[in-house]
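Engineer: One structure is given below, represented as structure tokens, and several questions about it will come after.
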Amino acid sequence: MKRLDNDFKILNAFIQTARHGSFTAAAQALGLTPAAISKSVGQLEQSLNTRLFSRTTRSLSLTAEGEHFFTQAETALALLQQAAEHIGGSGRQYAGTVRLSVSNVIGRNLVLPCLHTLQQRHPLLDIVGKGRVVCTFYAKRLLFLLE
């Protein structure tokens, strides 16, 4: 599964670069560095033995091969991710209480954005933040209470 995750990341780096038209914008979208995106795209190009992007000092554009690969890869990656999520998530249902202790700034900016997805995947979890942020899940509904 580790190799598959790496392949997903490399394909996603290529797809985001093609969508955004730059390594910098793709890096921002994925929360990575432009160098990491460039390296991933380079690895993909090397494994395919073809250039997917035409690079100049001021622009980045898909080659003909890159355009063809982009349309196919975008669809393929979406299907592979769905299949992996279905298999990886089947039979795993977490329940119980998770206690968090984070500042309001971290809670709002880092933790809170992840909670909706967590709640959808594991509706039986209660998340309690001692003294700061309290998040409780009630049957597909998320209540946020700030103390």
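Engineer: First check a/c for the stretch 1-63, with a ≥ b ≥ c the square roots of the eigenvalues of its C-alpha gyration tensor; if it is under 1.5, answer rounded, and if not, answer prolate when a/b is larger than b/c or oblate otherwise.
Structural biologist: Cα axes put the stretch 1-63 in the oblate bin.
Engineer: Oh, and also: Which order do the peptides 57-66, 5-14, 27-36 come out in when sorted by mean C-beta neighbours inside 10 angstrom, highest first?
Structural biologist: Put in order of decreasing packing, that is 5-14, 27-36, 57-66.
Engineer: For the stretch 1-52, which whole-number percentage of the solvent-accessible area (1.4 Å probe, protein heavy atoms only) is attributable to carbon and sulfur atoms?
Structural biologist: Result for the stretch 1-52: 52 percent of the exposed heavy-atom area is carbon or sulfur.
Engineer: Something else: From the backbone phi of the stretch 13-26, what are the Karplus-calculated ³J(HN,Hα) couplings (6.51 cos²θ - 1.76 cosθ + 1.60, θ = phi - 60°) in whole Hz, Gly and Pro given as x?
Structural biologist: 4, 4, 5, 5, 5, 5, 5, 8, x, 7, 5, 5, 5, 5
Engineer: If R0 is 22 Å, what FRET efficiency do you get for Asn6 and Thr63 from their C-beta distance, rounded to 0.05?
Structural biologist: 0.40
Engineer: Please list 3J(HN,Hα) in residue order for the stretch 64-69, calculated via the Karplus relation 6.51 cos²θ - 1.76 cosθ + 1.60 where θ = phi - 60°; whole Hz, with x for glycine and proline.
Structural biologist: Listing the rounded values in order: 4, 5, x, 4, 5, 5 Hz.
Engineer: Using a 1.4 Å probe on the protein heavy atoms only, what accessible surface does Val98 show? Give it in Å² to the nearest 10.
Structural biologist: Roll a 1.4 Å probe over it and Val98 shows about 60 Å².
Engineer: Ok, one more. Give, in nm to one decimal, the length gained when the segment between Leu77 and Ser22 is fully stretched (0.36 nm per residue of separation minus the Cα-Cα distance).
Structural biologist: 17.8 nm
Engineer: Give, as a single signed number, the net charge of other residues whose beta carbon lies under 14 Å from the beta carbon of Ala26, with Lys and Arg counted +1 and Asp and Glu -1.
Structural biologist: That works out to +3.
Engineer: Can I ask one more? Once label points are set 7 Å from the Cα along Cα→Cβ at both Ser54 and Lys39, what is their separation, rounded to one decimal in nm?
Structural biologist: Result for the modelled spin labels: 2.9 nm.
The values are calculated or read from the model by the stated rules, or taken from the named source; none is laboratory data. None of these values were measured; they are calculated from a predicted model. All Cβ positions, even for glycine, are placed from backbone atoms using ideal geometry, and neighbour counts span all protein chains on display. Surface accessibility is based on the protein's heavy atoms, side chains included, excluding ligands, DNA and RNA. Shrake-Rupley method; radii C 1.70, N 1.55, O 1.52, S 1.80 Å.
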